[in-house]
Structures are given as C-alpha cells and as structure tokens.
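Peer 1: The structure under discussion is supplied below as structure tokens; questions concerning it will follow.
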Amino acid sequence: MIRPNPLKKGDRLAVIGASSPTSTAPDVLASAVEKMGFEPVLFTSATAKHNYLSGTDELRAHDINAAFADDSIQGIVSTRGGYGSHRVLPLLDYEMIKKHPKFFGGYSDITAYICAINQICGFEAYHMPMVGAWASGMDIYTESYVKAMLFGEKIEYKNPAGCRLLGMNGGKAEGIICGGNLSLIASSLGTPYEMDTKGKILFIEEVGEAPYHVDKMLTHMRNAGKFDDAAGIIFGQFTECSDKDGGSWNVSMDQIIYELVVPSGKPIIKGVMCGHGTPTMSLPMGRKFFMDANSCEFGEAE
C-alpha cells in the first residue's frame, strides 16, 4: 500500500464537500485550514447545497477528481460527513487518482471514499476529524492525532487516561487496517465497492443508531463473512447508540458483540476512543497494524 507524502507547512489543501452540506461559513473553513499551517483551496462543493447534499453527485465527483489531478494541491479534506458518498463512487476517475496519490482525510460518511482509495487506488487514506471540527476547536488529544496524520508524525495509539479497553477472545493479529463507519461498511456489501476484510484488521464505529439497527448491520456483515475473513477486529466509539426510550430493547453493545462477532474466534478489542465522540484518535487506513487482545494493545506493525 502506497503511503502518500506527508503534508508540510504551507502546502495547498483542497477543501471539498464530499457528502452533506456544511453550515460553517467559507471564511471560517479557510481560517481553520490556515491555523493548521496550510493554504486553503475551497472548491465549489465546499459551500454548495443540493437538497441534503453538498452539491449534485456530478459536482462532488468533479471536485474530488479535480483536486487529485491538480499537482499544485498536496492534500484533500472534506468539510464534513453526513450522507451521499456511495452516490459519487461510480463517478470517480480511479485510474487518474491512482496516478496522483496524495493525502485524503475524513471519517463517518467519508468511509466509502477511504475504502475505494485503499482498495482500488492502492494508497493510504486517513480516518480523522474534518475541517468543520477543526473550525469548532479540538481538544489536545484529538488535535495531536489529526496532526500526526497530516504531517506523518509517529504517535502511539492509546486511549486517553481512564478510558478502559476490553479484550475479547484473546490472541494477536497483524494486517492492514481497514473499516470506519458501520453504516457505510454495511451499505457497501453486494456492490463493486464492497469492503474486503480478508486478512485485515477491521475497525468499526457508529453514531446515532438504536441497538437493533447496530444488530442488523453487524448481522449483515457476519452473514457476508466479513468477521470470519478478518485477522482481528477493533471496535471504536458507538456514540448515542443506546435505546433512547430505555425500554426492553436497550441491549448493550457488549451483548450484541458477544452474540454476533465473538463466535468468529478472532481477536477483538472494544472501547477504542475513535469515532464520533470527543476526544477521538485518528487512524491511517491502509497501513499495516498489529493488535493484541490479551494486553489490549494495537498500533503500527514493525
């Protein structure tokens, strides 16, 4: 897997709207990029709105393709996630993108783009907070991981103090790390952009889904063989994924994982602070990682 050149201060950073529209003003987006040390290049989709999308599918695809094709631009980040990435995937010029590997970062709905870049184009992409979050302000922990991704810095992948990890099944694994948002992974199944987990460490996070929705998506992945194929599985944050009514359906994430994922026999680490909560770490998708479910440790493989 190719590792794009890390960014450096003064590089030109394309800001695109890859999924849902943002409510953050253009000058605020630009200022957030400048504060990180880059020259902002706001594409039309960054501030566009088409129903619940940041511009039409054609506009969003055009901006992504154009940002990759422009050699004066060293990196690409999205304003936010939301919805709409799977609509754009068939419109991307993967042969061109493959010839222009460069930094691409985002998370949530951006999972679909990251997976396509990894699997079709063969280079790393980064699961990390987007420009909207930069503009809102990040805590020290979150910002340290964002900068590590942007500038290619070494960092230890550890939870903040007091945030406990849980190991299930025990055992160790190594493999390229893949994954992201559960809804996007599940939606890819049966399409040309289906996430391949074979021999990989699969990372999963989610936000705002009731337990039975999480159950449904994990069941779909289990039935598709994605857990059996994986070398190991890491669960990140499942933010606001409890039964809001507090009724009889308020099943814990632990129970769902024990019933649907643990039977795969693969090493599992649960509780990694990565996802839609704060603070959150970032992950270099496509890089070789190790995990040890006995000691609850994970990170870049030697």
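Peer 1: Name the strands (runs of 3 or more DSSP E) wholly inside region 151-232 in which the number of residues that are surrounded by 23 or more Cβ atoms within 10 Å (Cβ to Cβ) is 1 or more.
Peer 2: Once the strands (runs of 3 or more DSSP E) in region 151-232 are filtered for at least 1 residues that are surrounded by 23 or more Cβ atoms within 10 Å (Cβ to Cβ), what remains is 172-181, 201-207.
Peer 1: Which residue is least open to solvent (accessible area, probe 1.4 Å), if the candidates are limited to region 32-68 and must be among the hydroxyl-bearing types (Ser, Thr, Tyr) and part of a loop (DSSP other than H, G, I, E, B)?
Peer 2: Residue satisfying both the conditions and the ranking: Ser54.
Matching residues to (1) open to solvent by 10 Å² or more (accessible area, probe 1.4 Å); (2) closer than 23 Å to Met285 by Cα; (3) not in a strand (DSSP E or B):
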site: Pro6; (1), (2), (3): yes, yes, yes
site: Ala14; (1), (2), (3): no, yes, no
site: Leu29; (1), (2), (3): no, no, yes
site: Ile76; (1), (2), (3): no, yes, no
site: His86; (1), (2), (3): yes, yes, yes
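Peer 1: Right, next: Is region 97-110 home to any residue that is within 17 Å of Pro6 (Cα to Cα), of a type outside the set (Lys, Arg), open to solvent by 10 Å² or more (accessible area, probe 1.4 Å) and in contact with a Pro (Cβ under 6 Å, 6 or more places away or on another chain)?
Peer 2: Yes, because at least one residue in region 97-110 is within 17 Å of Pro6 (Cα to Cα), of a type outside the set (Lys, Arg), open to solvent by 10 Å² or more (accessible area, probe 1.4 Å) and in contact with a Pro (Cβ under 6 Å, 6 or more places away or on another chain).
Peer 1: Another one. Kindly indicate which of Tyr141, Tyr145 is at pLDDT 95 or above, open to solvent by 30 Å² or more (accessible area, probe 1.4 Å), farther than 25 Å from Ile120 by Cα and assigned to a helix (DSSP H, G or I).
Peer 2: When all the criteria are applied, what remains is Tyr141.
Conditions (1) in contact (Cβ under 8 Å) with a residue 60 or more places away in the chain; (2) touching a Leu at 6+ places or on another chain (Cβ under 9 Å), marked per residue:
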site	(1), (2)
Ser85	yes, yes
Cys115	yes, yes
Glu124	yes, no
His127	yes, yes
Val146	yes, no
Phe151	yes, yes
Asn169	yes, no
Leu182	no, yes
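Peer 1: Those residues that are in a helix (DSSP H, G or I), open to solvent by 40 Å² or more (accessible area, probe 1.4 Å) and either in contact with a Lys or Arg (Cβ under 6 Å, 6 or more places away or on another chain) or modelled with pLDDT under 95 (or both), I need them from region 233-288; list them, please.
Peer 2: Within region 233-288, Asp254, Gln255 qualify.
The values are calculated or read from the model by the stated rules, or taken from the named source; none is laboratory data. All of these numbers come straight from a predicted model, not from anything done at the bench. Positions of Cβ are backbone-derived with ideal geometry, glycine not excepted, and every protein chain shown enters the neighbour counts. When the accessible area is computed, the model is the full protein with side chains, heavy atoms only, and any ligands, DNA or RNA have been set aside. Shrake-Rupley method; radii C 1.70, N 1.55, O 1.52, S 1.80 Å.
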